[in-house]
1. Step through the table entries A:41/A:66; A:20/A:55; A:14/A:64; A:20/A:41, compare each Cα-Cα distance with 26 Å, and write down the pairs that go over it.
2. Mind grabbing the interface size between A and B? I mean buried accessible area, both sides, 1.4 Å probe, in Å² to the nearest hundred.
3. Between the alpha-carbon centers of the range B:52-111 and the range B:1-31, tell me the distance in whole angstrom.
4. With the solvent-accessible surface defined on protein heavy atoms using a 1.4 Å probe, which residues belonging to the range B:1-44 display a reduction of at least 10 Å² in accessible area in the multichain context relative to the isolated chain?
5. Rounded to the nearest percent, how much of the accessible area of chain A (1.4 Å probe, protein heavy atoms only) is carbon and sulfur?
6. Can you list the HN-Hα couplings for the range A:44-54, worked out from phi with the Karplus curve (6.51, -1.76, 1.60; θ = phi - 60°), rounded to whole Hz and with x for Gly and Pro?
7. With each pseudo-label sitting 7 Å past Cα toward Cβ, what's the residue A:83-residue A:65 distance in nm, one decimal?
8. Give the long-range amide H neighbours of residue B:83: residues separated by 5 or more places, or on another chain, with amide H under 5 Å away, using H modelled in the peptide plane at 1.01 Å from N.
Amino acid sequence: GAVVSQHPSRVICKSGTSVKIECRSLDFQATTMFWYRQFPKQSLMLMATSNEGSKATYEQGVEKDKFLINHASLTLSTLTVTSAHPEDSSFYICSAGGGALFAEAFFGQGTRLTVV
Amino acid sequence: KNEVEQSPQNLTAQEGEFITINCSYSVGISALHWLQQHPGGGIVSLFMLSSGKKKHGRLIATINIQEKHSSLHITASHPRDSAVYICAVRGRGSTLGRLYFGRGTQLTVWP
């Protein structure tokens, strides 16, 4: 099946710094990427949908200035958590789709962010 | 109210037992996914189905579109099946592409 690579898998950062998470589709062109957040023992929550070459669509309650999403190419989307705070500590995961593979569900490995 | 409801939330089984996880949804869908999430967090898609039944090894997934219900069965369960199983539905129309997730079922299989 198609492969989505997410990096880094774990990151610890200090409060006030920014962290960038990358999501790459390795063997297909991902016209759409989805970014999710998951709290412990909770369901995945959609944060935003990004389409290549256009601005991301954010879900209600998600601060677009805090969670910057860039989808500049068909194989790469990035999520930047700006001025991170301890409450931003969470598990972030991306999924990608596009073309004939749009209906499939291909997920990255996820990123465990800890803000200290 | 969550668009996707799963039960049970936690499930413990002895190795070899037959396992069933249920999923009900309330939105119109284009497809339903069963996902497996391991302790490290990575998610793998087990099945995508829009009708009927699919089988892969010891795993079977069924869906009843009229009743808006799906089940995931594991035959001859094994400790390596221990994981969180998530039901997700893909919207249609204006929500095409978006996935709605259940809260997951934590399965623990003891040897």
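The values are calculated or read from the model by the stated rules, or taken from the named source; none is laboratory data. Not measured: the values here are computed from a predicted model. Note that we place each Cβ from the backbone using ideal geometry, even for glycine, and neighbour counts take in every protein chain shown. Ligands, DNA and RNA are stripped out before the accessible areas are found, and what is left, the full protein with its side chains, is counted by its heavy atoms. Shrake-Rupley method; radii C 1.70, N 1.55, O 1.52, S 1.80 Å.
1. The answer is none of them.
2. Protein heavy atoms only, the A-B interface buries about 1500 Å².
3. The two parts, judged by their Cα centres, are 6 Å apart.
4. B:33, B:35, B:37, B:40, B:41, B:42, B:43
5. The computed percentage sits at 53.
6. Ordered by residue, 3J(HN,Hα) equals 5, 10, 5, 9, 6, 10, 10, 10, 4, x, 9 Hz.
7. Result: 0.7 nm between the two label points.
8. Close amide H contacts, sequence-distant or interchain: B:107.
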